[in-house]
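Worksheet for the structure shown next.
The values are calculated or read from the model by the stated rules, or taken from the named source; none is laboratory data. Model, not experiment: these values are computed from the prediction. Heads up, the Cβs are rebuilt from the backbone with ideal geometry, glycines too, and the neighbour counts pull from every protein chain shown.
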Amino acid sequence: MATEGMVATSHPLATVAGLQTLAAGGNAVDAALAAAATTWLALPGQCGIGGDAFAVVAEPDGSVWTVNGSGFGPDGGTPDFYAERGLSAVPLDGPLAVAVPGAPAALALLHSHGATRDLRELWEPAARIADRGLPHSRKTHDDVRDTLDALCLDNCLRTAFTDGGRAPVVGSRHPRPDLGNTIRMLAADPRSFYRGPLAEHCVDALVAGGAPFSGDEWEASGVVSPESALTTRYGGMTIHQTPVPSAGWMVLQQARLCGPELGTMPWLSADAIERMAIAARLSFEDRLAFCGSDNDGARRALDTESIAQRRMMMNDRTRDRRAFAVGAGDTTSLVVVDGEGRSVSFIHSLAFTFGAKFTVPGTGILLNNRLGRGAYLVDGHPNAVKPRRKPLHTLNAWVVTDDAGHLAAVGNTPGGDGQVQWNMQLLSHLLDHGLDPQEAVSAPRFTVFPGSDADTVGMDHEIRVEATVDGATRAELRRRGHEVRDIAPLGEPGSAQVISVDPTGYLLGGSDPRQEGVALGLE
């Protein structure tokens, strides 16, 4: 409980970095920037300079703005380019998997539009951590173990994260001075990532690896501006979400499909789970059918007529469904609220664990595999690979405000296509049932398959339900014809972070027990 500020992240060191920034007089944006840079070292498999980032910022005056930090694929990445190489899907590892990183542009925009402290001050602690190395956590050990063969193909990754080709001992350190130097360079001028010697070096490394980047798409990806949030009403509040290519529209669509009926159903009952599961399926079907980053698919999915049509489909449990599946993924997120009531929900990712497993030599920059994860090789599809088209994202972040524009809650969660489902569950826990943030992030979780990631197809239709959901409820879902797979308690992925404001003005925070995070506040 706190009144002067609070930070919740998926790693204690990142939470402390944000809290120290608040304690030193920084605002929520300053704290988010400091915490984000710390996660590059504390959660290196999930995020980094070479990834993407989205944010939604709610100001004390009630205004809300968002940041879209995602980049284009290569200018030469036409369907013919992949067909000539005999590829039926964009590769998931290596230079061909990479889209231009959007995180540096997102962080630069956050800083220029909301920070009060110099970026060099905010990021120097992270640079010093890189210089000396951070003791590897169990999470990093497990991530390295699970991707070991691919990491060892890249000399920088082998040196930075393995003990002679083996997963690192928990607590061991691997200094990363190249990354420390890059952090300092970008702190002095974050837009240098997109123009000048560093940008040219990144593009040259990718081209040498066979990726058809021109450099022009690299520079164009660095041009970002604040955007308005997507909004909808739910539970007597307004939900603000990040726009496309973020998947934020899917959370809003599910909220409108679930409607006020969800709030009348007992918490985590068969009726409630089924309603949220069917809403998620409909949203994934719409994403797959007609949504792209450069068309009006999201607007179409949210228009009144479309919502009405899909609400009529909510009782249909048996019709055919498209065979795209939820894929695994690694992302991390954080939320911050300062003493003035300003909030930041921030999420960043390399796509899969350690992204493309490809680094830019001499920089410590690990590049994402967002193009491989997010874009389709399907002729004519609105999310097909195309020059100057951004692949769709699973990332999204949200803020909830009351009718006066005051902050009610801020949150998010990593977890691939699970994100949009779990965020809807969090919102229902908070707004329909009055759970506090820690209760909400710790609550039993369920996930519907299929989703719509590009990398996996044909998986069987099912609902994965943590076994802490009542056994009679799971049995009832099976009786209704759902294929239910039992998952161990706290066994679903994700790492939700939530901060809310109670009626007396105190801040309440929660950090998901499924990972190593913590929520801390200033009194």
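Here are the numbers:
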{"read-out": "Matching entry among V144, V98 (being in contact with a strand residue (DSSP E or B) (Cβ under 8 Å, 6 or more places away or on another chain), surrounded by 19 or more Cβ atoms within 10 Å (Cβ to Cβ) and β-branched (V, I, T))", "value": "V98"}
{"read-out": "Matching residues, segment 71-129, being β-branched (V, I, T) and under 14 Å from L367 (Cα atoms)", "value": "V98, V100"}
{"read-out": "Given (1) out of contact with any Phe, Trp or Tyr (no Cβ under 8 Å at 6 or more places or on another chain); (2) touching a residue at least 12 places away in the same chain (Cβ under 8 Å); (3) not in a helix (DSSP H, G or I), number of the condition L107 does not satisfy", "value": "(3)"}
{"read-out": "Yes/no for I347 being part of a strand (DSSP E or B), among the β-branched types (V, I, T), at pLDDT 95 or above and buried (at least 20 other Cβ atoms within 10 Å of the Cβ)", "value": "yes"}
{"read-out": "Complete set of residues in segment 10-37 that are of a type in the set (S, T, Y) and either outside any helix (DSSP H, G or I) or under 27 Å from G372 (Cβ atoms) (or both)", "value": "S10"}
{"read-out": "Condition check for C152: within 22 Å of S345 (Cβ to Cβ), in contact with a Lys or Arg (Cβ under 9 Å, 6 or more places away or on another chain), buried (at least 17 other Cβ atoms within 10 Å of the Cβ) and not small (G, A, S)", "value": "no"}
{"read-out": "Complete set of residues in segment 456-477 that are among the aliphatic types (A, V, I, L, M), crowded, with 19+ Cβ neighbours inside 10 Å and outside any loop (DSSP other than H, G, I, E, B)", "value": "I463, V465, L477"}
{"read-out": "Qualifying residue in segment 478-497 (condition: modelled with pLDDT of 95 or more, in a helix (DSSP H, G or I) and farther than 18 Å from V441 by Cβ)", "value": "yes"}
{"read-out": "Near pairs, Cβ below 9 angstrom, 6+ apart or cross-chain, from segment 155-175 (at positive phi) to any residue that is of a type in the set (K, R)", "value": "G164/R158; G165/R158"}
{"read-out": "Filter result (small (G, A, S), assigned to a helix (DSSP H, G or I) and in the same structural domain as S192 (by the TED database)) within segment 214-255", "value": "A220, S221"}
{"read-out": "D338 touching a strand residue (DSSP E or B) at 6+ places or on another chain (Cβ under 8 Å), of a type in the set (D, E, K, R), at pLDDT 95 or above and within 24 Å of L427 (Cβ to Cβ)", "value": "yes"}
